[in-house]
Amino acid sequence: MANYNRVILVGNLTRDPRLSYLPNQTPVVELGMAVNRKWKDPQGNPREETCFIDCNVFGRQAETANKYLHKGQQVLIEGRLHFSMWEAKDGTKRSKHRVVVDRFQFLGAPMGARDTAPRPAPAPAAGPQPTAQVPAPSAPPPPSAEEIPEPPPPEPDEEPPSPEGEGIPF
């Protein structure tokens with residue numbers, strides 16, 4: 001039986017990205033997204049529900065997300081579901097699904113159209129912090145869709161998907 005774990009979501013960020021570093025100094029950003037669904041019930045009344053999703057971005061993309069994304073911004077993410085289980089301080093077992101982000105794309109107005117500047121990435125806590133205020137250099141524009149790497153081509157022993165959508169396992 002084949003397995004496929006892929007998530008594609010478009011929604012708005014519920015909070016500013018939170019950047020931290022793993023013990024091996026790999027950057028990781030935690031994002032919160034809200035994805036809305038609108039429909040009409042059988043009586044014709046408009047209905048709406050919101051799904052809140054936590055996401056993690058790792059590596060260089062985490063630094064880019066921290067620098068350019070902000071609360072309320074619309075973003076497209078692509079990744080996979082990850083299930084975590086742990087025991088809370090009170091002894092109860094807890095669990096949660098998260099999306100581990102492989103790629104993301106900025107949606108909505110460009111950064112310059114919002115009259116806001118990108119946030120600088122915080123440095124890992126190590127030693128005293130300088131107290132003098134130094135003007136930040138101008139930041140480069142966010143990466144375009146062309147700069148986001150494409151997934152690798154299929155392995156030679158795999159059959160590429162047909163354009164008619166045949167062979168899709170669902």
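Points worth noting:
- Sum of side-chain charges, His82 neighbourhood, beta-carbon under 12 Å (Lys, Arg +1; Asp, Glu -1): +1
- For the stretch 35-86, the Kirkwood estimate of hydrodynamic radius, built from reciprocal distances between every pair of different alpha carbons, is 14.3 Å.
- Counted residue by residue at 0.36 nm each, then reduced by the alpha carbon distance between them, the extension gain from Gln74 to Asn45 reaches 7.8 nm.
- A simple count of charges around Lys38, restricted to other residues whose Cβ falls under 15 Å of its Cβ and scoring Lys, Arg +1 and Asp, Glu -1, yields 0.
- Those trypsin sites (Lys or Arg not before Pro) in the stretch 1-81 that DSSP places in a loop and that have at most 15 other beta carbons within 10 Å: Arg6, Arg15, Lys71
- Coarse-grained scattering of the stretch 1-119 at q = 0.12, 0.17, 0.23 Å⁻¹, given as base-10 log I(q)/I(0) from a Debye sum over alpha-carbon atoms: -0.55, -0.95, -1.31
- Annotation for the stretch 38-108: chymotrypsin sites (Phe, Trp or Tyr not before Pro) lying in DSSP loop with at most 10 further Cβ atoms inside 10 Å of their Cβ do not exist.
- Lysines whose Cα lies under 30 Å from that of Lys67, excluding same-chain neighbours fewer than 8 positions away: Lys96
We did not get these values from a lab; they are worked out from the coordinates using the rules stated. Quick caveat, the model's predicted, so the values are computed rather than measured. Virtual Cβ from ideal backbone geometry, glycine too; neighbours counted across all protein chains shown.
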